[in-house]
1. Within region A:135-142, identify whether any single residue is within 16 Å of DNA strand C (Cβ to nearest atom), under 23 Å from A:GLU41 (Cα atoms) and aliphatic (A, V, I, L, M), and answer yes or no.
2. Restricting to region B:16-31, and then to whatever is at pLDDT 95 or above and either away from DNA strand D (no atom under 13 Å from the Cβ) or hydrophobic (A, V, I, L, M, F, W, C) (or both), can you tell me which residue is surrounded by the most Cβ atoms within 10 Å (Cβ to Cβ)?
3. For region B:150-159, indicate whether the set of residues that are among the hydroxyl-bearing types (Ser, Thr, Tyr), at negative phi and more than 8 Å from chain A (Cβ to nearest Cβ) is non-empty.
4. Contact list please: Cβ distance under 8 Å, first residue in region B:121-141 and more than 9 Å from chain A (Cβ to nearest Cβ) and modelled with pLDDT of 95 or more, second residue surrounded by fewer than 21 Cβ atoms within 10 Å (Cβ to Cβ) and part of a loop (DSSP other than H, G, I, E, B), pairs at least six apart or on different chains.
5. Among the residues of region B:34-72, what is the count of those that are of a type in the set (Phe, Trp, Tyr) and within 11 Å of DNA strand D (Cβ to nearest atom)?
6. Looking only at region A:25-72, filter to residues that are hydroxyl-bearing (Ser, Thr, Tyr) and within 14 Å of chain B (Cβ to nearest Cβ); which one of those is farthest from A:PRO116 (Cα to Cα)?
7. Is one or more of the residues making up region B:106-114 free of Cβ contacts under 8 Å to residues at least 60 places away in the same chain and charged (D, E, K, R)?
8. Go through region B:33-53 and report how many residues are surrounded by 17 or more Cβ atoms within 10 Å (Cβ to Cβ) and either more than 21 Å from A:PRO132 (Cβ to Cβ) or more than 21 Å from the chain's Cα centre (by Cα) (or both).
There are 2 protein chains.
Amino acid sequence: MLQLYLDRSVGYREGVTRPEQRRRTAKERILTAADDLFYSEGIRSVGIDRVIARAGVAKGSLYYSFTGKDDLVCEYLTNRHSKWAERVAAGIAAHTEPRARILAVYDALGALFAEPDYRGCAFMNSIGEAAPDSVEAQATRTFRTWVHTLFLDLATAVDVAEPQQLADALVLLYDGAVANAQMDSAPEAARTARRIAELVLDDEVRPSL
Amino acid sequence: MLQLYLDRSVGYREGVTRPEQRRRTAKERILTAADDLFYSEGIRSVGIDRVIARAGVAKGSLYYSFTGKDDLVCEYLTNRHSKWAERVAAGIAAHTEPRARILAVYDALGALFAEPDYRGCAFMNSIGEAAPDSVEAQATRTFRTWVHTLFLDLATAVDVAEPQQLADALVLLYDGAVANAQMDSAPEAARTARRIAELVLDDEVRPSL
DNA sequence: CGTTGTTTAGACAGGACCGTCTAACTACAG
DNA sequence: CTGTAGTTAGACGGTCCTGTCTAAACAACG
């Protein structure tokens, strides 16, 4: 059940915190603040102090809810993963034909890229400066296996000789769209990827006729 | 002309420094050490002290040759850019037919991915945690314009209705291969990208017949 | 009421990191 | 021989960051 905290904002020295945030738990406020800051400025670039200032929370609350920054980072990435997975699943579920279900992923990318504060894939951004055994690297690995199984499942549903090969191509197009959209601030990359994906599908399906 | 420094390694407390490095200028040693460390562990993850220890050089030498870490980072990225541009240009120059010249870029990627210490695109890695006005961001912007003009030039050489559209697709495949190869440690991504590029070329050229 | 779980403000230690500075030494050019 | 450019070792200050700790308040529940 929801834990409601009464409005204690009266008499508080005001920071960036907006009033609605005040009704939520400290952990929730920390997580949304961390998501904002980590995603827009980078995990290593943002210190604990920035996060708690943004959340309007005491430092003790952070170390009460999380074991440390790594723990917070882990939860940040896990949330990013699950939210995106839900969104993609919803996009896919809107279609029944295997081919349309594949293309729906690129449409989901297009909607993502169109968001004003889009700044690339959180995992791609984190992995560049991360150590191989860091929480970032671990979260990225599970994210990548999700991407691969997603496309392999979708590729297996269409009648094609080598689903793995098709899946590899689709993953590459997915990655290309994401990287392209970030580095060039080019949201139309999703449409380009989708167009090429159709080409690949035509090519993989036709020859078996 | 070359500035030769006599072997002063006698009696030096030994670090990681190998003997051949001792004959080069401090600036050169710093740059190769920085390249090794920045590329393999990330710019922000590697401190000045690590770099000078690896180079076997005094801290003063670094601030004698560079104005600061940013300056070193800038030169590191610039070198990465020019070396890669040379390599790609060499690969392209080996062919005369426009189509083959395009595919040569993906072959160059394949050779790059096959290197044992490949760890992705230095620019993609740096940009994730970089501020919009940082030297990393600036170097990345010039790198990206190089990528775009490269493919646009190549695309214009083939007889196609919309070279820009073809170039966009080729850039996306390039980015996809790079991202894919890094995140999944999958050097075969270059072949996948090449395969799809052939498909795109077939599609863009044929309809005008 | 008292207890337990949650939150606050802030001080503090410890470490990493960047950059400056000094004092001296080496190589080479004039 | 003298001066200049390059180089060295290391100390130092200042900043930032993570994580711990304390003392106190508050909320919910029994």
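The values are calculated or read from the model by the stated rules, or taken from the named source; none is laboratory data. Predicted model, so just to flag it, every value in this text is computed and none were measured. Neighbour counts are summed over all protein chains in view; Cβ atoms, including those assigned to glycine, are modelled from backbone coordinates with ideal geometry.
1. no
2. Here the residue is B:ILE30.
3. As a first pass, look at region B:150-159 and keep what is among the hydroxyl-bearing types (Ser, Thr, Tyr): B:156.
Pick out the ones that are also at negative phi and you get B:156.
So of that shortlist, the ones also more than 8 Å from chain A (Cβ to nearest Cβ) come out as B:156.
Yes; the residues of region B:150-159 include at least one that is among the hydroxyl-bearing types (Ser, Thr, Tyr), at negative phi and more than 8 Å from chain A (Cβ to nearest Cβ).
4. B:ALA137/B:ALA131
5. Step one: of region B:34-72, the residues of a type in the set (Phe, Trp, Tyr) are B:38-39, B:63-64, B:66.
Next, from what is left, pick out any that are within 11 Å of DNA strand D (Cβ to nearest atom): B:63-64, B:66.
Number satisfying all stated conditions: 3.
6. A:SER45
7. Within region B:106-114, none of the residues are free of Cβ contacts under 8 Å to residues at least 60 places away in the same chain and charged (D, E, K, R).
8. 1
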